[in-house]
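Enquirer: Handing you this structure, nothing more for now.
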Amino acid sequence: MKGLAISLVTCVALLSGCSGGSGSEGTVIDTTLNNTSIDLSVSTVEAGTVTFAVTNEGDQVHEIEVFAGSNTVLPVDKNVANVSGLTLIDEIEDILPGGNVRLTLDLPAGDYIVICNLPGHYEMGMVTKLVVTG
C-alpha cells in the first residue's frame, strides 16, 4: 500500500509539470527557437499568467520578444522587423544555443506575436502568433 501511495504521488508530481498545465507559472508554453522558426506547444491559451519555457535548439544566439498585435507580416528595415506601432510586452535577449530560459507574463485576452528580431532572424521565419482568450 505504501508503494502505491508513493507511485501515485510521483505520478501527480510528474503530471503537474507538463506543458500547457497551470500552477504558479500559470499556463506553461514550451517554446522552441530554431534557426528558422519559433514553435509554441500551443497557439491559444486562457488569459492570465503565461510562462514561455524557451529552449534554443538552434546553433545561433536568439531572443524572444512578445508584442501585442496580430499581424505577423511586418516590414523589414535594415535586416530587422519594423515593430514601430506595436506594444512590446516583454523580451529576453541573448539566449545562447542550448540555452533554456523562462519568460512569465500576465496576458489579457488578445492577439500577440512572438518574434526573434536579431538581424535576419525575422526574415528567416522566426515569428509566430499566440491568441489569448478571455
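Enquirer: What's the total number of residues in the stretch 27-83 that are among the β-branched types (Val, Ile, Thr), farther than 18 Å from Gly125 by Cβ, within 10 Å of the chain's Cα centre (by Cα) and not in a loop (DSSP other than H, G, I, E, B)?
Expert: Residues flagged as among the β-branched types (Val, Ile, Thr), farther than 18 Å from Gly125 by Cβ, within 10 Å of the chain's Cα centre (by Cα) and not in a loop (DSSP other than H, G, I, E, B) within the stretch 27-83 amount to 4.
Enquirer: Could you grab me the full set of residues in the stretch 86-101 that are under 15 Å from Ile115 (Cα atoms) and assigned to a loop (DSSP other than H, G, I, E, B)?
Expert: Leu86
Enquirer: With (1) under 28 Å from Ala47 (Cβ atoms); (2) among the acidic types (Asp, Glu); (3) assigned to a loop (DSSP other than H, G, I, E, B) as the list, and Glu123 as the residue in question, which single condition is left unmet?
Expert: (1)
Enquirer: Scanning the stretch 98-134 for residues that are closer than 13 Å to Thr72 by Cα and among the charged types (D, E, K, R), which turns out surrounded by the most Cβ atoms within 10 Å (Cβ to Cβ)?
Expert: The residue in question is Lys129.
So that you can scan it fast, the table gives a plain yes or no per residue for (1) buried (at least 16 other Cβ atoms within 10 Å of the Cβ); (2) at pLDDT below 95:
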site: Ser24; (1), (2): no, yes
site: Ala47; (1), (2): no, no
site: Val61; (1), (2): yes, no
site: Glu65; (1), (2): yes, no
site: Ala68; (1), (2): no, no
site: Val80; (1), (2): yes, no
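Enquirer: So Ile95 ticks every box in (1) surrounded by fewer than 17 Cβ atoms within 10 Å (Cβ to Cβ); (2) in contact (Cβ under 8 Å) with a residue 24 or more places away in the chain but one. Which box is left unticked?
Expert: (1)
The values are calculated or read from the model by the stated rules, or taken from the named source; none is laboratory data. Note that the structure is a prediction, hence the values are computed from the model and not measured. Note that each Cβ is placed from the backbone with ideal geometry, even for glycine, and that neighbours are counted across all protein chains shown.
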